Amino acid sequence: MNQRADFNTDLEGSSFWMPFTANRQFKKTPRLLARAEGMYYWTPEGRQVLDGTAGLWCVNAGHCRPKIVEAVKRQVATMDFAPTFQMGHPIAFEFAERLARIAPAGFSRVFFTNSGSESVDTALKIALAYQRARGEAQRFRLVGRERGYHGVNFGGMAVGGLQANKRMFGPGVAGVDHIRHTHDPARNAFSRGQPAHGAEFADELERVCALHDPSTIAAVIVEPVAGSAGVLVPPQGYLERLREICTRHGILLIFDEVITGFGRLGQPFASQRFGVTPDLFTTAKGLTNGTVPMGAVFVRDPLYETFMQGPEGIELFHGYTYSGHPVACAAGLGTLETYADEGLLTRAGSLEKYWEDAAHSLKDARHVVDIRNCGLIAAIELEPRAGAPGRRGYEAFVSAFESGVLTRVTGDIIALSPPLIVEKPQIDRLFAAVREALQAVP
Ligand SMILES: Cc1ncc(COP(=O)(O)O)c(C=O)c1O
């Protein structure tokens, strides 16, 4: 067992302040994972748990894949760290080149970060700096969307649209506005793939433009499929319309692909799946298969060229100590090799119909009010228990875990996003476990 022999599983009073966790509740009744391989985790007691969430939407190739493990081992023993400020190391250049090869045409520039949150803040800063570099410094506004999740740093928190993530942290960033979300259960409940109704929600951007004067807006950021707020799939025609409005007003469009990147929707990136091209897009998670923290912002070539035509010297005063960290780049190269060997960047496409049918087979399950899916993502939305929103979802999550299946829950929405190596019998097991969990909870 891969576990420290002296580990004390009595966690009440533990020093670890856990992120996005009800610490007191968790430490009384912990759920621990100690080992992982392929589609599975094992608890410290040796109980097997099917991973229905690719860790946290990140382990797209499955756990502990040999090429990634070897690449990390090799790199950490060869050169553990080297700076990328006015210095360089070959593996960072190599990884950027390889990423550019799988990116949509015209995105041959990559800026490295260490997480999704850092990718988002980096993309917002590049957008503002680009507008200034091209002589449009009056474009200082950033527009996000209700129910958007763009991480937890100040920029991402500001453009994000989740009240719980903002209310404790003061006024935030100035000059931010939001368009409405795309969720419309009255017209779109139980849609398969992209819902038919709601392209017109993109016109909300025209309202925000009219309110502020479009020439003051630098960028709009959206998740192509909103993940963390409960899997909101873009209505047919919505992203196209958003693109068209941005182009017309000289506003940059940023896709936050932290979840959708690296094959989740059956193409390397969501922009390829939906046929809509942003100006910048953010990634993290699947970039290194979750093994070493890393993020990357992809930038359209004309944006990069604009910076390179500016005054000599440092073109962008931005970067992290660990931007292009050699061990993360090694993990990323091992990840891309694994994706290529096994066709994982497109495999979700071949499983999507089976996945969709399995998800929608829960339509008659207890408590279910909506089911949504796209690529290898599904959400099962439950009717909240009267007076206790989120409680039913949480209990279903615990019940599924106890039966050996890891799901993810946001309020009363159960989200599933397994590693892209998932096989059909494992898909059956996932949805059967959710059905049983729903039967078990009041
Ligand atoms: C769309 C999106 N953006 C940003 C983030 C933040 O990523 P991280 O937790 O790596 O900072 C997430 C995390 O789930 C995400 O889903």
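The values are calculated or read from the model by the stated rules, or taken from the named source; none is laboratory data. These numbers come from a predicted model, not from an experiment. Quick reminder, even Gly has a Cβ in these numbers, built from the backbone with ideal geometry, and neighbours come from all protein chains shown. Protein only, heavy atoms only, side chains kept; ligands, DNA and RNA dropped before computing areas. Shrake-Rupley method; radii C 1.70, N 1.55, O 1.52, S 1.80 Å.
Summary table below
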| read-out | value |
| --- | --- |
| Leading residue by the ranking (surrounded by the most Cβ atoms within 10 Å (Cβ to Cβ)) among those in region 282-338 that are among the acidic types (Asp, Glu) and touching a residue at least 12 places away in the same chain (Cβ under 8 Å) | Glu337 |
| Index of the failed condition, Leu345 passing every other in (1) closer than 22 Å to Cys374 by Cα; (2) over 21 Å from the mean Cα position of the chain (by Cα); (3) open to solvent by less than 40 Å² (accessible area, probe 1.4 Å) | (2) |
| Filter result (within 16 Å of the ligand (Cβ to nearest atom), hydrophobic (A, V, I, L, M, F, W, C) and under 16 Å from Arg31 (Cα atoms)) within region 44-61 | Leu56 |
| Search result, residues across region 268-285 that are away from the ligand (no atom under 11 Å from the Cβ) and either of a type in the set (A, V, I, L, M) or over 15 Å from Leu124 (Cβ atoms) (or both) | Pro268, Phe269, Ser271, Gln272, Arg273, Phe274, Gly275, Val276, Thr277, Leu280 |
| Pick from region 32-53, criterion open to solvent by less than 20 Å² (accessible area, probe 1.4 Å) and hydroxyl-bearing (Ser, Thr, Tyr), ranking: nearest to the chain's Cα centre (by Cα) | Thr53 |
| Residue list for region 122-154, restricted to those being under 16 Å from the mean Cα position of the chain (by Cα) and of a type outside the set (Ser, Thr, Tyr) | Ala123, Gly144, Arg145, Arg147, Gly148, His150, Gly151, Val152, Asn153 |
| Candidate set from region 54-84 (those that are charged (D, E, K, R) and open to solvent by 60 Å² or more (accessible area, probe 1.4 Å)); member that is nearest to Leu336 (Cα to Cα) | Lys67 |
| Cross-chain or 6+ apart pairs with Cβ under 9 Å, region 214-236 first and open to solvent by 10 Å² or more (accessible area, probe 1.4 Å) and among the hydroxyl-bearing types (Ser, Thr, Tyr), then away from the ligand (no atom under 13 Å from the Cβ) and assigned to a loop (DSSP other than H, G, I, E, B) | Ser215/Glu136; Ser215/Gln138; Ser215/Arg139; Ser215/Gly250; Thr216/Gln138; Thr216/Arg139; Thr216/Phe140; Thr216/Gly175 |
| Residues being within 9 Å of the ligand (Cβ to nearest atom) and part of a strand (DSSP E or B) - total across region 219-244 | 1 |
| Helices (runs of 4 or more DSSP H) lying entirely in region 101-202 (those with 1 or more residues that are within 16 Å of the ligand (Cβ to nearest atom) and β-branched (Val, Ile, Thr)) | 116-133, 154-159 |
| Candidate set from region 201-213 (those that are open to solvent by 20 Å² or more (accessible area, probe 1.4 Å) and touching a residue at least 40 places away in the same chain (Cβ under 8 Å)); member that is nearest to the chain's Cα centre (by Cα) | Asp203 |
| Ala379 vs. criteria in a helix (DSSP H, G or I), of a type outside the set (Lys, Arg) and buried (at least 17 other Cβ atoms within 10 Å of the Cβ) | no |
| Sole exception among (1) open to solvent by less than 60 Å² (accessible area, probe 1.4 Å); (2) within 28 Å of Gly313 (Cβ to Cβ) for Arg132, by number | (1) |
